[in-house]
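In what follows, a single structure is set out as structure tokens and then discussed.
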Amino acid sequence: MRCMPPLSPAPLGAALTVTGTLALAVACTRDAAAPPSDFATTFDTVGGTVHVTNTGTPPPARLVPVVSIGPETLSETGSPDEFGGVNSVALGPDGEVYVADARNFEVRVFGLDGSHRRTFGRRGEGPGEFETLSSLAWAGDRLLTYDIMLGRVGAWSAEGEWLGQQRTRGRMTGGGGAIRLYAVGPDELYRHATGSAFETRFGSALRSLYVGLNSQGETGDTLEQLEAPSDAPAPYIICQTAEGILRFFTIPFAPGLTQHPGPGGVIYSAFESDYRIAVTRNDGADTVRVIHRPLPAEPIGDDEWEEGNRDFNEWRAENRSASCDPSGPTRPAAKPILGGIYIAPDGKLWVKVMRATGDLWEVFDADGRLLAGVPRPPHKPGVAPAFSASDHLLTIRRDSLDLDHVDVWLLERGS
């Protein structure tokens, strides 16, 4: 394991128009100051909706590595930092790192110096046991764990004492990317859930919901996940053979709808092709705020498009009698810009921005001001990052030996 001392973030004053400089680095040494940038944030209210536009180069910031927890080599000694498979991670109010090792059915706790402090949980269906350890997050002074197969949210003390449970719908399947706990405040979070059935052109489906939780249990707040408009471009192709076999093909570079619940019963959402994030209430009916960040579009290369559709074209050539909806992929005008949006417990908005020169994290305050833009560290696909109210970013990374590591970073702002 490799440890770095954390640095305290410099304060950033709030103003209607903000100017700054750019100095991006994922390192522990400070870059030389850059010349003044053209960065600006403007606010405009139209019909009761606040429109926030951020243009130019973001203020100076960097991600400082704090600690990396994980094995350098596969020793098979069973040491605490040899994870079977990390599904979720969180930074506790005590400043300790809580790691959900799904394959070993236990929570492992480490200090910010990388030292192992304790382990709790085991496989089973009784109190303090897991059939699946899908996700974990903090609510006040309680650690909540989500077992989507067993159908319960468990509550624990920081020391690993089992405090009780709430029953949920069980026997769901899915990874930590969507079916998980969403922490949006110091004692406010949501869990992914399913609701009533509805009919689609492909059959019956269950509505996806966000169910509110805090340290005392469910809050009664339920948000329905938003759906893309019916006239939105299809992100995938569904084909059916004469024998009734279904095949699904993702359309390369097709933008989807990304969303995340927020504090106070709002939902943040955006199409991945448009850096325009809407903050809405009442299941998307009322728009409170729109955060806009104009960035140039990046074209899709002919070779990229051809390679992305190779599987579909080869299958289609061998199954000419199959019925497909749509009949074939429609090439998007440009590559998607957004790769995901996340809300930290302090209300900050973290946006994954996809660029040909390298993906970024762009960070906004609760009002929509752009605070920072930093290179995005490597991460394990399909697993959500975690954030703290102290500007820490926690990511899960899989190395070349297929070993999982937990990396902790500190967002440092200012010149």
Yes/no for PRO345 being touching a Gly at 6+ places or on another chain (Cβ under 7 Å), open to solvent by 10 Å² or more (accessible area, probe 1.4 Å), touching a residue at least 12 places away in the same chain (Cβ under 8 Å) and not acidic (Asp, Glu)
yes
May I ask you to list the residues in segment 112-124 that are free of Cβ contacts under 8 Å to residues at least 40 places away in the same chain, out of contact with any Asp or Glu (no Cβ under 6 Å at 6 or more places or on another chain) and open to solvent by less than 50 Å² (accessible area, probe 1.4 Å)?
SER115, GLY124
Would you pick out the residues in segment 275-287 that are surrounded by 15 or more Cβ atoms within 10 Å (Cβ to Cβ) and at pLDDT 95 or above?
TYR275, ARG276, ILE277, ALA278, VAL279, THR280, ARG281, THR287
Those residues of segment 318-338 which are open to solvent by 30 Å² or more (accessible area, probe 1.4 Å), under 18 Å from LEU295 (Cα atoms) and not basic (Lys, Arg), in sequence order
ALA333
Among the residues of segment 312-335, is there at least one that is among the aliphatic types (A, V, I, L, M), farther than 20 Å from SER269 by Cα and in contact with a strand residue (DSSP E or B) (Cβ under 7 Å, 6 or more places away or on another chain)?
yes
Can you name the strands (runs of 3 or more DSSP E) wholly within segment 202-243 that have at least 3 residues being modelled with pLDDT under 85 and farther than 21 Å from LEU136 by Cβ?
203-214
Within segment 45-65, which residues are open to solvent by less than 30 Å² (accessible area, probe 1.4 Å), closer than 26 Å to PRO377 by Cα and either among the hydrophobic types (A, V, I, L, M, F, W, C) or assigned to a loop (DSSP other than H, G, I, E, B) (or both)?
GLY56, PRO58, PRO59, PRO60, ALA61, LEU63, VAL64
Pair list, Cβ < 6 Å and 6+ apart or interchain, from segment 355-380 residues that are free of Cβ contacts under 8 Å to residues at least 24 places away in the same chain and open to solvent by 30 Å² or more (accessible area, probe 1.4 Å) to residues that are of a type in the set (Lys, Arg) and part of a loop (DSSP other than H, G, I, E, B):
ASP359/ARG376; LEU360/ARG376
Residue count for segment 92-111, restricted to those that are acidic (Asp, Glu), free of Cβ contacts under 8 Å to residues at least 60 places away in the same chain and not in a strand (DSSP E or B):
0
Those residues that are closer than 16 Å to GLY185 by Cβ, assigned to a loop (DSSP other than H, G, I, E, B) and open to solvent by less than 40 Å² (accessible area, probe 1.4 Å), I need them from segment 381-394; list them, please.
SER388, ASP391
Yes or no: LEU144 open to solvent by less than 40 Å² (accessible area, probe 1.4 Å), part of a strand (DSSP E or B), out of contact with any Pro (no Cβ under 8 Å at 6 or more places or on another chain) and modelled with pLDDT of 95 or more?
yes
Selection from segment 297-313 of residues that are open to solvent by less than 100 Å² (accessible area, probe 1.4 Å) and farther than 15 Å from ALA254 by Cα
ARG310, ASN313
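The values are calculated or read from the model by the stated rules, or taken from the named source; none is laboratory data. Worth saying up front: this structure is predicted, and the values here are computed from it rather than measured. Neighbour counts are summed over all protein chains in view; Cβ atoms, including those assigned to glycine, are modelled from backbone coordinates with ideal geometry. The protein model used for the area step is the full one, side chains on, heavy atoms only, and it has no ligands, DNA or RNA in it. Shrake-Rupley method; radii C 1.70, N 1.55, O 1.52, S 1.80 Å.
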